[in-house]
Amino acid sequence: MSDADPFLGPLDPAPFREESPFPAGKDPFLGPIKDAPAATPATAGSLAANFAAGTNEDVSGILGAPVDALTFMANNSPIDLAVSGARRLLGVPSAPVAGPQPRKIVNPVGGSDWIKAQEAKVGMSPDQVQAQNEAERVARGAGAGVASTILPAVGAEAMGSRVAMSALGRADAMNATIGAAAGAGGQAAQDVAPEPYKPIAGLVGGLAAGALPVGAYGVGLA
C-alpha cells in the first residue's frame, strides 16, 4: 500500500508529473529549434583548393609588402603616427581633424590588394576560396607556410646573396616541407587556443610543427 494515503486512499501519480507547457522542439520565444548545420566535409579537391589559396594569399602578401609599406608611410606622417600611438597608450580618443585632408593612396599598383585583384581576373584569388572546416583551414595554413618559406629563398638565390641564402635556406623540398608543417601546425594551434592566446599559440605551434621534419631529417642522416 505504498501508493495509498491512509486518509485519501490510492494516489494517482499523474497530477504530480511535471510536463512542459511548450511543444517539444520549440522555444516559446524563438520558435522552432533547428539543429546546427552539419559541417561541410573536406574533399581532396577542397583541400587542394585551400592549399593553393593559402599559397596565393601569402605570395601576394610577400610580393606586395614593399609597396604596402611605402603606401603606409606615404599615407601616415611620422608625426601622425607618434600622436596616434601616444593617444592609444594614454587611452585618449582620437580627435577629429578640421579642414581638408590629403588624399590617401588606395590600392596602389604592385601592392598586395592589387596583386589579389590580378589573381582574381584569372580565377586564382584566395578570397574566392573559403575554408569550411578544420582540415581545410589547416591545408590553407600549410600552403601559406610553403610560400613564406620558399619565396624568400627564391629571392635570395636570384640575388645571389650568400648571407641571405644562409639565413633563408634554399628553395628545395626540405624547406617546403618545413614551411608546410609550420603553417599547418600554427593554424591548428590557433584554432584550438582561446582568443587572447591565438597569436602566441600560432607561433609556438608553427615552431613545434616545423621542427618535426628537421628532426626527422637529422635522424635519417644519423
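Readers should treat all values here as calculations from the given coordinates under stated rules, not as data from a laboratory. Keep in mind the model is a prediction, meaning the values are calculated, not measured. In this analysis, Cβ positions are derived from the backbone assuming ideal geometry, glycine residues included, and neighbour counts consider all displayed protein chains.
A few comments on the model shown:
- Region 116-204, relative contact order [Cα under 8 Å, separation at least 6], %: 29 percent
- Ranked list, fewest to most other Cβ atoms within 10 Å of each Cβ, for 40, 55: 40, 55
- Diffusion coefficient, µm² s⁻¹, Stokes-Einstein with Kirkwood Rh over alpha-carbon pairs of region 121-222 at 4 °C and 1.567 mPa s: 88 µm²/s
- Remark: relative contact order (region 58-163) = 38 percent; criterion is Cα-Cα distance under 8 angstrom and separation of 6 or more residues.
- For peptides 183-196, 102-115, 144-157, 76-89, sequence by mean Cβ density within 10 Å, most packed first: 144-157, 183-196, 102-115, 76-89
- Charging the Cβ of each Asp and Glu at -1 and of each Lys and Arg at +1, and nothing else, the dipole of region 125-217 about its Cα centre rounds to 240 debye.
- Positive contributions from Lys and Arg (+1) and negative ones from Asp and Glu (-1), summed over other residues with Cβ under 12 Å from the Cβ of residue 145, come out at -1.
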